[in-house]
1. Residue check: is Pro22 under 18 Å from Ser113 (Cα atoms) and not small (Gly, Ala, Ser)?
2. Within the stretch 104-119, does at least one residue satisfy the condition of being near the ligand (Cβ under 9 Å from one of its atoms) and either modelled with pLDDT under 95 or outside any helix (DSSP H, G or I) (or both)?
3. Collect the residues in the stretch 131-189 that are β-branched (Val, Ile, Thr) and under 30 Å from Ser18 (Cα atoms), keeping them in residue-number order.
4. Return yes or no: is Ser39 within 16 Å of the ligand (Cβ to nearest atom), of a type in the set (Ser, Thr, Tyr) and farther than 14 Å from Met79 by Cα?
5. Just checking, does the stretch 54-71 include any residue being in a helix (DSSP H, G or I), farther than 19 Å from Asp16 by Cα, touching a Pro at 6+ places or on another chain (Cβ under 7 Å) and more than 16 Å from the ligand (Cβ to nearest atom)?
6. Anything in the stretch 72-103 that is in contact (Cβ under 8 Å) with a residue 60 or more places away in the chain, more than 11 Å from the ligand (Cβ to nearest atom) and not in a helix (DSSP H, G or I)? List them, or say none.
7. Any residue in the stretch 151-177 that's part of a helix (DSSP H, G or I): show its pairings with residues that are surrounded by fewer than 10 Cβ atoms within 10 Å (Cβ to Cβ) at Cβ separation under 7 Å, as long as the two are six or more apart or on different chains.
Amino acid sequence: MADIHPLIKNRRSKRDFSGVPPKPDELNALLEAFRWAPSGSNKQPWRVIVTQSEESNNAFDECLNEGNRQWAAEAPTKMIILGNPEEQPERNGLQRWLIDVGMALQNLLLQGSALELTVHAMAGWDEEKVLEKFKIPDPYRVVALFAVGYPGNFEDLPPEVQEKDKKPSTRKSLSEFVFCDDFENVWNP
Ligand SMILES: Cc1cc2nc3c(=O)[nH]c(=O)nc-3n(C[C@H](O)[C@H](O)[C@H](O)COP(=O)(O)O)c2cc1C
């Protein structure tokens, strides 16, 4: 049986950071990977803010929920991923701009894994705070916040965060979500 690509199989959302920022060429590679994502009609309805100063790093941390702040505050570099709903019109009632931005997020995660960086997406934050603190105008929406850096020491994480990272990464089996010919036949080749 053909294996899935090791980059996909081995990527993990870790939570430990060494505090050393990614090198400029690594950061550039992450952003380039993001840039080369596919999008409907090649609209690329995304923007990215990368924190560089201590001030913006602190502002970022203030936007996180408590659970994420516990570990993500230690990341030396942070990213805010934005989408513009007006740059990719809705079709069949689907918010296609979100699909496009999601594609780019996965590129970012995979490129981070290829560079052996810790790159971790977060949905736990306050959008109003992000919009205000980072001077983001209408109609942009915040899609995800990212913590980026080199792996650190797992043992330095708070015990409750260690517990999260110890959990094995699992997925549904194919027979739970793939069907054969129609929705009534489970995939079972
Ligand atoms: C869009 C998105 C939002 C996420 N939000 C959070 C979050 O707020 N906090 C967190 O600790 N992990 C977050 N994660 C990480 C997921 O929990 C993780 O991807 C999932 O458990 C699968 O684990 P794996 O990435 O190691 O395979 C998020 C992942 C994605 C893609």
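The values are calculated or read from the model by the stated rules, or taken from the named source; none is laboratory data. Bear in mind that the values here come from a model prediction, so they are computed numbers and not experimental data. Glycine also receives a Cβ, built like all others from the backbone with ideal geometry; neighbour counts cover every protein chain displayed.
1. Working: under 18 Å from Ser113 (Cα atoms): yes; not small (Gly, Ala, Ser): yes.
Considered against the rule, which asks whether it is under 18 Å from Ser113 (Cα atoms) and not small (Gly, Ala, Ser), Pro22 comes out as yes.
2. At the first step, the residues of the stretch 104-119 found to be near the ligand (Cβ under 9 Å from one of its atoms) are 105-106, 109.
Retained after the next criterion (residues that are either modelled with pLDDT under 95 or outside any helix (DSSP H, G or I) (or both)): none.
Among the residues of the stretch 104-119, not one is near the ligand (Cβ under 9 Å from one of its atoms) and either modelled with pLDDT under 95 or outside any helix (DSSP H, G or I) (or both), which makes the answer no.
3. We begin by selecting, within the stretch 131-189, every residue β-branched (Val, Ile, Thr); these are 136, 142-143, 148, 161, 170, 178, 186.
The answer is Ile136, Val142, Val143, Val148, Val161, Thr170.
4. Values: within 16 Å of the ligand (Cβ to nearest atom): no; of a type in the set (Ser, Thr, Tyr): yes; farther than 14 Å from Met79 by Cα: yes.
So Ser39 fails the test.
5. No, there is no match, as no residue in the stretch 54-71 is in a helix (DSSP H, G or I), farther than 19 Å from Asp16 by Cα, touching a Pro at 6+ places or on another chain (Cβ under 7 Å) and more than 16 Å from the ligand (Cβ to nearest atom).
6. The answer is Glu74, Ala75, Pro76, Thr77, Lys78, Met79, Ile80, Leu82, Gly83.
7. Going by the 7 Å Cβ cut-off, the qualifying pairs are Ser175/Asn188.
Let's see how each residue does on (1) surrounded by 15 or more Cβ atoms within 10 Å (Cβ to Cβ); (2) aromatic (Phe, Trp, Tyr); (3) outside any loop (DSSP other than H, G, I, E, B); (4) at negative phi:
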{"position": "Asp138", "(1), (2), (3), (4)": "no, no, no, yes"}
{"position": "Ala144", "(1), (2), (3), (4)": "yes, no, yes, yes"}
{"position": "Ala147", "(1), (2), (3), (4)": "yes, no, yes, yes"}
{"position": "Asp181", "(1), (2), (3), (4)": "no, no, no, no"}
